[in-house]
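Chemist: Once you've had a glance at the structure underneath, I'll fire off some questions.
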Amino acid sequence: MPFLEFIAGSISGAVGMIVGHPLDTVKVRLQAQHVYKGFFHCVGRTYTHEGLRGFFKGMAFPVLTTGITHSIAFGSYSNALDYLTQSQCSDNGQGKPASAAQVFIAGCFSGLAQVFVSAPIDLVKVRLQGQTTAERYGGPVHCVAIILKEEGPRGLFRGGLALALRDIPCFGLYFLPYEVTRKALTESGKQPDTFAILTAGGVAGVVTWAFATPMDVVKARLQMSGAGGRVYSGVLHCMRVSVREEGVRVFFKGLLLNSVRAFPVNAVTFLSYESLMKIFFPLVR
């Protein structure tokens with residue numbers, strides 16, 4: 001039942017978004033702005049000037065819409081993996097366990113499927129997170145209206161190529177360590193317990209962000225370039241300018257923060273997804 005898998009992905013995505021949004025705001029500001037000396041400086045200035053609400057800027061829109069992107073990601077992955085494994089059934093009609101290559105391919109497919117929807121949603125989130133005052137954008141709807149007015153429909157996909165270069169391979173990596181770790185922590189013939197799912201989800205998040213952070217920096221800078229930030233002509237131009245001015249280490253801005261945030265966020269996301277799937281498919285899972 002693909003529909004129920006999409007619903008499970010939708011709910012689990014919203015839960016994970018709520019858990020990780022405050023640290024995500026700090027990460028976006030560190031990557032896209034040059035006024036912060038480090039994590040604690042960014043946290044201090046945000047709290048001093050904006051209070052606790054500053055850490056939750058731009059959260060409402062992605063929480064309300066993350067159901068769409070995560071339902072597409074998890075639903076596409078699950079159904080693509082089913083298709084790949086069922087296409088190689090054994091003689092007795094039973095599907096073979098998914099190989100690492102099949103998991104990676106299904107993950108890449110899910111990344112491609114969701115990027116078309118997530119690009120404008122992520123752009124609005126980053127724009128709202130990046131502003132320290134409400135002078136430019138009064139909210140998500142106002143933000144979309146301003147982008148359409150100043151940049152046209154194409155403006156909603158600013159940074160889309162960088163997002164695709166980040167998400168397509170990294171979604172393949174996202175599901176692969178999850179499946180491997182969960183299997184390693186589960187006794188043969190038994191269902192994975194809560195500890196196995198939480199650990200596997202956390203590991204998957206950390207591994208994925210270790211590879212995703214360089215392109216995540218480029219994406220954030222391209223997305224902010226149309227909102228008063230430095231203007232870049234494209235991915236390669238952004239990379240060249242960033243390296244020239246800040247060195248190669250610029251691509252690892254927010255890596256530690258991404259890793260710290262990724263473990264609990266993805267642990268909760270996968271646990272929510274697996275729990276919902278057990279409810280929806282009690283006899284299968």
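The values are calculated or read from the model by the stated rules, or taken from the named source; none is laboratory data. Quick caveat, the model's predicted, so the values are computed rather than measured. Cβ placement follows ideal geometry from the backbone for every residue including glycine, while neighbour counts extend to all protein chains displayed. We work out accessible area using only protein heavy atoms, side chains counted, and drop any ligands, DNA or RNA first. Shrake-Rupley method; radii C 1.70, N 1.55, O 1.52, S 1.80 Å.
Here is a yes/no grid of residues against (1) part of a helix (DSSP H, G or I); (2) basic (K, R):
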residue	(1), (2)
A162	yes, no
R182	yes, yes
V207	yes, no
A212	yes, no
A227	no, no
C238	yes, no
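Chemist: Out of everything in segment 115-131 that is open to solvent by 10 Å² or more (accessible area, probe 1.4 Å) and polar (S, T, N, Q), what residue ends up being farthest from I146 (Cα to Cα)?
Modeler: S118
Chemist: Checking Q191 against (1) under 22 Å from S78 (Cα atoms); (2) part of a helix (DSSP H, G or I); (3) touching a residue at least 40 places away in the same chain (Cβ under 8 Å), which test does it fail?
Modeler: All conditions are met except number (2).
Chemist: Can you tell me how many residues in segment 233-254 are surrounded by 14 or more Cβ atoms within 10 Å (Cβ to Cβ), closer than 30 Å to A145 by Cβ and modelled with pLDDT under 90?
Modeler: Number satisfying all stated conditions: 1.
Chemist: Name the single residue, out of those in segment 132-144 being part of a helix (DSSP H, G or I) and crowded, with 18+ Cβ neighbours inside 10 Å, that is modelled with the lowest pLDDT.
Modeler: P140
Chemist: Related question: Scan (1) part of a loop (DSSP other than H, G, I, E, B); (2) touching a helix residue (DSSP H, G or I) at 6+ places or on another chain (Cβ under 6 Å); (3) more than 26 Å from I105 (Cα to Cα); (4) hydroxyl-bearing (S, T, Y) for the single condition S242 breaks and write down its number.
Modeler: Condition not satisfied by S242: (1).
Chemist: Follow-up question, since we're still on this one. As an exercise: evaluate S188 against (1) open to solvent by 30 Å² or more (accessible area, probe 1.4 Å); (2) more than 30 Å from T46 (Cα to Cα); (3) out of contact with any Leu (no Cβ under 9 Å at 6 or more places or on another chain); (4) modelled with pLDDT of 90 or more and give the number of the one condition it does not meet.
Modeler: Unmet for S188, out of (1) open to solvent by 30 Å² or more (accessible area, probe 1.4 Å); (2) more than 30 Å from T46 (Cα to Cα); (3) out of contact with any Leu (no Cβ under 9 Å at 6 or more places or on another chain); (4) modelled with pLDDT of 90 or more: (4).
Chemist: Sticking with this one: Looking at segment 205-214, is at least one residue surrounded by fewer than 21 Cβ atoms within 10 Å (Cβ to Cβ), modelled with pLDDT of 90 or more and in contact with a Ser or Thr (Cβ under 6 Å, 6 or more places away or on another chain)?
Modeler: Yes, segment 205-214 has at least one match.
Chemist: Something else: Is one or more of the residues making up segment 45-52 open to solvent by less than 20 Å² (accessible area, probe 1.4 Å) and within 18 Å of V117 (Cβ to Cβ)?
Modeler: No, that holds for no residue.
Chemist: So in segment 145-164, with the set limited to residues that are of a type outside the set (D, E, K, R) and open to solvent by 40 Å² or more (accessible area, probe 1.4 Å), which one is farthest from L64 (Cα to Cα)?
Modeler: Among residues in segment 145-164 that are of a type outside the set (D, E, K, R) and open to solvent by 40 Å² or more (accessible area, probe 1.4 Å), the one farthest from L64 (Cα to Cα) is L161.
Chemist: What number of residues within segment 165-182 are within 16 Å of V115 (Cα to Cα) and surrounded by fewer than 20 Cβ atoms within 10 Å (Cβ to Cβ)?
Modeler: Adding up the residues that qualify gives 3.
Chemist: Go over the candidates A262, A220, A227 one by one and state the one that is surrounded by fewer than 22 Cβ atoms within 10 Å (Cβ to Cβ), under 17 Å from L30 (Cβ atoms) and touching a residue at least 60 places away in the same chain (Cβ under 8 Å).
Modeler: Result: A227 is the single residue among A262, A220, A227 that is surrounded by fewer than 22 Cβ atoms within 10 Å (Cβ to Cβ), under 17 Å from L30 (Cβ atoms) and touching a residue at least 60 places away in the same chain (Cβ under 8 Å).
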